[in-house]
1. Tell me, which strands (runs of 3 or more DSSP E) wholly within region 58-170 include 1 or more residues that are crowded, with 17+ Cβ neighbours inside 10 Å and modelled with pLDDT of 95 or more?
2. Please count how many residues of region 53-72 are touching a strand residue (DSSP E or B) at 6+ places or on another chain (Cβ under 8 Å) and within 11 Å of residue 93 (Cβ to Cβ).
3. Out of curiosity, is residue 24 part of a helix (DSSP H, G or I), touching a strand residue (DSSP E or B) at 6+ places or on another chain (Cβ under 8 Å) and surrounded by fewer than 21 Cβ atoms within 10 Å (Cβ to Cβ)?
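The values are calculated or read from the model by the stated rules, or taken from the named source; none is laboratory data. Just so you know, these numbers come straight off a predicted model, no measurement behind them. Because the Cβ atoms are built from the backbone with ideal geometry, glycine has one as well, and the counts that use them run over all protein chains shown.
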């Protein structure tokens, strides 16, 4: 037996139809949000419309940034940082799997940082990081655990370097998990997620 200590402050909201609580949860933190997501899958399954509706019901102003790809890219993170600064956005809502969440975390830590966020992923100034935009999550894909972890992975297209960062401030404030959303995944996506979950032996 190994001794350990465990602390996870992310609020987990689990169950059927729980995505309808998204607006209520976001409202606890902000009245304006960056709605961050990947491709068209959340639109195909109707989740995009359900999220928009629950945010609109709480009169939350929505700024969208889609286009997250697997192994989230630095270029889109740069775009998100500038968008949050320009629009004075105080909160990020990530709707998707690990790549979307990791991209949101990178944006969140990059907004208050004075330099290039990539420097943080390479270890520069990391000890000085004490601030970020809070994020919330609506999970669509079970794999990386980023929905409640302190970690984030980012890929720099210049050289295709992949780096990670870990900081307790990156843990989402809340994560909404409706397991029925994962029913829309293909067999291949499900297998990939299982492989990602399985710990190395």
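1. On the way: elements: 61-65, 92-96, 135-139, 151-156, 161-166.
The qualifying strands (runs of 3 or more DSSP E) are 61-65, 92-96, 135-139, 151-156.
2. 6
3. Working: part of a helix (DSSP H, G or I): yes; touching a strand residue (DSSP E or B) at 6+ places or on another chain (Cβ under 8 Å): no; surrounded by fewer than 21 Cβ atoms within 10 Å (Cβ to Cβ): yes.
Criteria not met by residue 24.
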